[in-house]
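**Student:** Just passing along the structure, written as structure tokens.
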Amino acid sequence: MDGGGSKTRVIVSDLAGHILSYAEGGAASIHKDGNAHENVQKTIQAALSAANCGTDQVKGVYAGIAGYESEQDLKWVQRLTNIDGLHCPKWYVNDSVVAHAGAFLGAPGIVVVSGTGSIIFAVTEQGDQLKNVDFHHYAASAARFLSYDAMFELLAGNIQRSDEAMIPKILSHWNVEHVDQLRTLAARGFIENSKERDKRFGEMASIITNAAEDGGRLAQIVCDKAIDQIMVGVEILGSFFQSDLISVTGIGSVIKSPYMKSKFIECLLSGKNKRYHFKNPELSAVSGAVLMAFKSLDIPVNFKTIELIRNHPQSTW
């Protein structure tokens with residue numbers, strides 16, 4: 001399972017790597033959605049039903065969960081898979097771990113997750129696992145942060161002619177007709193409920209990344225600032241690798257947007273601690289969870305296994 005901040009993705013695989021079903025549901029993080037437990041349980045049940053598989057047949061559940069950062073989170077994380085009859089072994093990790101497993105198939109590298117949430121995760125040649133948050137570093141590149149930054153710049157009047165096409169789209173997103181109305185809405189805090197407010201800002205991010213691609217200067221400044229913060233995290237983790245050349249990939253709606261991806265690749269070519277090579281992910285995060293489940297069950301994974309997984313439409317990004 002890949003339990004993200006906006007969607008939950010579940011794959012049911014047999015022990016050879018044949019994908020029996022795929023299901024998609026709402027957010028898995030309680031920090032993003034108060035219905036996270038219901039979302040995950042319904043998605044797991046839908047996937048099992050589509051695979052014609054009973055809970056008593058499940059050998060193991062491997063779950064990558066957004067927002068699972070410490071031992072204190074384990075209580076709500078375990079509740080996500082609290083389904084009657086599902087008594088198999090269950091393993092829980094941060095969603096960046098399964099994203100890395102799918103992207104690099106067990107090889108060393110750095111994965112940048114930037115979408116609804118943001119985290120940078122590395123596995124070194126020695127197998128050491130490192131996250132930027134271990135260093136109390138956070139790259140404010142999640143979708144909502146791009147939108148908040150752009151909103152603040154707009155309200156402050158830091159706009160140029162190249163930004164004019166973006167402004168009507170932002171106004172429409174907030175159901176207002178003029179910037180003055182947007183200021184009034186902002187003065188009231190936009191939306192009282194913080195989860196709903198962050199979700200609304202997150203949904204606005206594509207307006208910013210598209211505007212950056214179209215040459216909007218304000219949007220580009222906001223996006224470039226996020227990339228700078230991502231690169232700081234990449235360089236911190238990169239310094240722990242022995243090799244001078246490190247593979248890096250990006251996962252999530254923000255980092256995969258055309259402007260952000262091209263800017264990120266450009267910055268990787270100018271690495272300071274190391275040299276970096278951008279690599280497209282081999283498999284999706286939910287497929288990475290399948291590989292991690294096999295490993296946890298001591299089931300060998302070979303080229304044929306990976307190709308069987310890859311043949312499924314939802315196995316790649």
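**Student:** With the convex hull built on the Cα atoms of segment 94-139, state its orientation-averaged projected area in nm².
**Tutor:** On the way: hull surface 12.3 nm².
Reported value for the Cα convex hull: 3.1 nm².
**Student:** Right, here's the next one. Mind checking the angle between helix 194-203 and the chain's longest principal axis? C-alpha axes, 0 to 90 degrees, to the nearest 10.
**Tutor:** That helix lies at roughly 80 degrees to the long axis.
**Student:** Turning to a different aspect of this structure: Exactly which trypsin sites (Lys or Arg not before Pro) in segment 1-74 are in a DSSP loop and have at most 16 other Cβ atoms within 10 Å? Walk me through the numbers before you get to the answer.
**Tutor:** Details: sites: LYS7, ARG9, LYS32, LYS42, LYS59; in loops: LYS7, LYS32, LYS59.
Those satisfying the criteria are LYS59.
**Student:** Sort 281-294, 189-202, 120-133 by the packing proxy (mean of other Cβ within 10 Å over each peptide's residues), most packed first. Show your work: numbers first, answer last.
**Tutor:** Working: 281-294: 25.6, 189-202: 15.4, 120-133: 18.1.
Highest mean packing first, the order is 281-294, 120-133, 189-202.
**Student:** For LYS199, what charge total do you get from the other residues with a beta carbon under 11 Å from its beta carbon, if Lys and Arg give +1 and Asp and Glu give -1? All intermediate terms of the calculation are to be shown ahead of the outcome.
**Tutor:** Details: positive: LYS32, ARG144, LYS195, ARG197, ARG200; negative: ASP33, GLU196, ASP198, GLU203.
Result for the neighbourhood of LYS199: +1.
**Student:** Roughly how many Å is it from the Cα centre of segment 142-171 to that of segment 227-293, as a whole number?
**Tutor:** 27
**Student:** Here is a follow-up. Based solely on its DSSP helices, what 222 nm [θ] is calculated for the chain when runs of n ≥ 4 H residues each add -39,500 (n - 2.57) and the sum is averaged over all residues, nearest 500 deg cm²/dmol?
**Tutor:** Values: 12 runs with 134 residues, N = 317.
Per the formula, -13000 deg cm²/dmol.
**Student:** Let me ask something additional. Between ILE110 and residues 5 or more places away or on another chain, which pairs have amide H atoms under 5 Å apart, with H built 1.01 Å from N, and which residues are they?
**Tutor:** Under 5 Å from the amide H of ILE110 lie the amide H atoms of SER247, VAL248, THR249, each far enough along the sequence or on another chain.
**Student:** On C-alpha positions alone, give me the angle between the axis of helix 285-296 and the longest principal axis of the chain, in degrees, nearest 10.
**Tutor:** Around 30 degrees separate the two axes.
**Student:** Which of LYS169/LYS195; LYS199/LYS279; LYS90/LYS199 have a Cα-Cα distance over 25 Å?
**Tutor:** Values: LYS169/LYS195 22 Å; LYS199/LYS279 30 Å; LYS90/LYS199 29 Å.
Violating the 25 Å Cα-Cα cut-off are LYS199/LYS279; LYS90/LYS199.
**Student:** Something else: Considering all alpha-carbon pairs of segment 108-281, what whole percent are spaced by more than 20 angstrom? Display every interim value, and only then the final one.
**Tutor:** Numbers: 7937 of 15051 pairs.
Of all Cα-Cα distances in segment 108-281, 53 percent exceed 20 Å.
**Student:** Something else about it: Karplus couplings for segment 275-281 from phi (6.51 cos²θ - 1.76 cosθ + 1.60, θ = phi - 60°), rounded to Hz, Gly and Pro as x?
**Tutor:** Calculated HN-Hα couplings, in order: 9, 10, 10, 6, 10, 5, x Hz.
**Student:** Then there is this: Charges at C-beta only: +1 for Lys and Arg, -1 for Asp and Glu. How large is the resulting dipole of the chain about its Cα centre, in Debye rounded to 20? Numbers along the way, then the final one.
**Tutor:** Working: 30 positive and 34 negative charges, 30 e Å.
Here the chain has a charge dipole of around 140 debye.
**Student:** Of GLY17, SER29, ALA212, which is farthest on the positive side of the dipole of the chain, counting Cα position, with +1 on Lys and Arg Cβ, -1 on Asp and Glu Cβ, and the Cα centre as origin?
**Tutor:** Going by the charge dipole, the pick is GLY17.
**Student:** Place a +1 charge on the Cβ of each Lys and Arg in segment 108-281 and a -1 charge on the Cβ of each Asp and Glu, then give the dipole magnitude about the Cα centre in debye, rounded to the nearest 20.
**Tutor:** Details: 19 positive and 20 negative charges, 29 e Å.
Approximately 140 debye in magnitude.
**Student:** Then there is this: How high is the relative contact order of segment 108-281, in percent, counting Cα pairs under 8 Å that sit 6 or more residues apart? Provide the component values of the computation, followed by the final result.
**Tutor:** Values: 279 pairs, mean separation 55.0, N = 174.
It rounds to 32 percent for segment 108-281.
**Student:** Under the √(5λ) rule applied to the eigenvalues of the Cα gyration tensor, what semi-axes describe the equivalent ellipsoid of segment 212-294? Give them in Å, descending.
**Tutor:** On the way: eigenvalues 118, 70, 19 Å².
Semi-axes from the Cα gyration tensor: 24, 19, 10 Å.
**Student:** Considering only C-alpha atoms, what is the centroid distance from segment 1-65 to segment 108-141, in Å?
**Tutor:** Computed from Cα coordinates, the inter-centre distance equals 24 Å.
**Student:** Where does helix 143-155 land angle-wise versus the long Cα axis of the chain, in degrees 0 to 90, nearest 10?
**Tutor:** So the inclination is approximately 0 degrees.
Each reported figure results from applying straightforward, stated rules to the coordinates on display, with no laboratory input. None of the values given here were measured: they were computed from a predicted structure. Quick reminder, even Gly has a Cβ in these numbers, built from the backbone with ideal geometry, and neighbours come from all protein chains shown.
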